[in-house]
Ligand code: R5P
């Protein structure tokens, strides 16, 4: 079966890296936008009988990137693709995975169902918001992790007295993986989200006094979580300086300002999303192209992905 690689408009640079790593030229998808905002897809070459991989992280603008992916999959199915796999290192809408106060939608489940309805047969994602989300999808999910890459990237910059900090209870498993890989102690904060832009931190579990915090999270959106965590840690007499590591740098709204206000933090993110560089906010972006290309090559050849997957 021939391998075809297509990319939506979400992250062409990542698609290019994957295509170079695999030595496979991308297939044109003829993406166009009509004046009313509708998206039109027309696959440029035959994909009949092919093993198709659609590279499209579902980041901002999330509704547009999602519709593009659905239409790409639909076009490939109608063109006779044998197998369709979405390569979406970041999957938006996954934070709404339950009803907290009633009369709410559960977007994570609906998005998973929509991908299934578009006949996507497999998803390759990186550090989903929660591991249990794998079970929301009506098809297999290959859940990869950027944690080993990010931990190795930040390791040389960490002083001996570093403490890994999970900024909320939901992030404990992720933080445990960083702590174990880096051989560092762990502290956990109790966070309450007050609004999409504001959070507050209550108690701290673990010893942080005199230690430099390494705040780890699956994503940084508005930066409110990191900001509140750092303020709480400072009040608890953490040592000066902070390192922040996250897989997905959405950096929405005033995130850059909030992170800058922490006083030149060491900031390390993956390139799961195509967020433009901000010269006022120095950061390191760790590429996921090789990891994703490796996953695609193994899937194409029906080889095991075990050593690439999240096991926590
Ligand atoms: C929440 O559970 C997530 O793991 C992140 O902590 C959160 O989504 C980050 O969002 P923000 O940067 O807007 O606080």
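Note on residue 103 and residue 205: the model spin-label points, each 7 Å out from Cα along the C-beta direction, lie 3.4 nm apart. Once you treat every alpha carbon in region 79-120 as an equal point and sum by Debye, what is log10 I(q)/I(0) at q = 0.19, 0.27, 0.30 Å⁻¹? Relative scattering, expressed as log10 I(q)/I(0), comes to -0.65, -0.98, -1.08.
On a 0 to 90° scale, report how tilted helix 289-300 is relative to the longest principal axis of the chain, with both axes built from alpha carbons and the result rounded to the nearest 10. Long axis of 289-300 versus the principal axis of the chain: about 40 degrees.
Counting only Cα atoms, I'd like the Rg/Rh figure for the chain, Kirkwood definition for Rh. Working shown, then result.
Details: Rg = 19.9 Å, Rh = 20.2 Å.
Using only Cα positions, Rg/Rh for the chain is 0.98.
For each of 160, 264, 191, 231, count neighbouring Cβ atoms within 10 Å of the residue's Cβ, then give the residues from fewest to most. All intermediate terms of the calculation are to be shown ahead of the outcome.
On the way: 160 7, 264 11, 191 21, 231 14.
Fewest to most other Cβ atoms nearby, the residues stand as 160, 264, 231, 191.
Using the Cβ-Cβ distance between residue 193 and residue 119 with R0 set to 30 Å, the FRET efficiency from 1/(1 + (r/R0)^6) comes to roughly 0.30. Separation of region 86-152 and region 205-235, taken as the distance between their Cα centroids, equals 25 angstrom.
Of all DSSP beta bridges confined to the chain, the antiparallel ones make up roughly 20%.
Rounded to the nearest 10 degrees, the angle from helix 172-182 to the longest Cα principal axis of the chain is 80 degrees.
I need the shape label for region 63-150. Rule: rounded when a/c is under 1.5, else prolate if a/b > b/c, else oblate, with a, b, c from the alpha carbon gyration tensor.
Oblate shape, in that a/c is at least 1.5 and b/c is the bigger or equal ratio.
So if each residue of separation counts as 0.36 nm, and I subtract the Cα-Cα distance between residue 74 and residue 302, what length gain in nm does that give? Can you show the working numbers first?
Values: separation 228, 0.36 × 228 = 82.08 nm, distance 2.37 nm.
The span from residue 74 to residue 302 would gain 79.7 nm if fully extended.
In a GNM of the chain with a 10 Å cut-off on Cα contacts, which of 33, 211, 298 has the highest mean-square fluctuation? Comparing 33, 211, 298 in a Gaussian network model of the chain, the most mobile one is 33. Relative to the longest principal axis of the Cα atoms of the chain, helix 107-117 runs at roughly 20 degrees.
Considering only DSSP beta bridges with both partners in region 1-133, what is the antiparallel share in %, to the nearest 5? The partial results should precede the final answer.
Details: 2 of 16 bridges.
Restricted to region 1-133, the bridges split so that about 10 percent are antiparallel.
Got the relative contact order for the chain handy, in percent, Cα pairs under 8 Å and 6 or more residues apart?
On the way: 645 pairs, mean separation 44.9, N = 312.
Once divided by the residue count of the chain, the mean separation gives 14 percent.
Of 93, 53, 197, the sequence from fewest to most neighbouring Cβ atoms within 10 angstrom is 197, 93, 53. Under 10 Å, Cα contacts only: if you run a Gaussian network model on the chain, which one of 234, 221, 105 comes out with the highest mean-square fluctuation? Fluctuation is largest for 105. Comparing 183, 241, 37 in a Gaussian network model of the chain where C-alpha atoms under 10 Å apart are linked, the largest mean-square fluctuation is found at 37.
No lab work stands behind these numbers, since they all come straight from the coordinates. From a predicted model like this one, the values you see are computed outputs, not experimental measurements. Here Cβ is always computed from backbone atoms with ideal geometry, including for glycine, and neighbour counts include all displayed protein chains.
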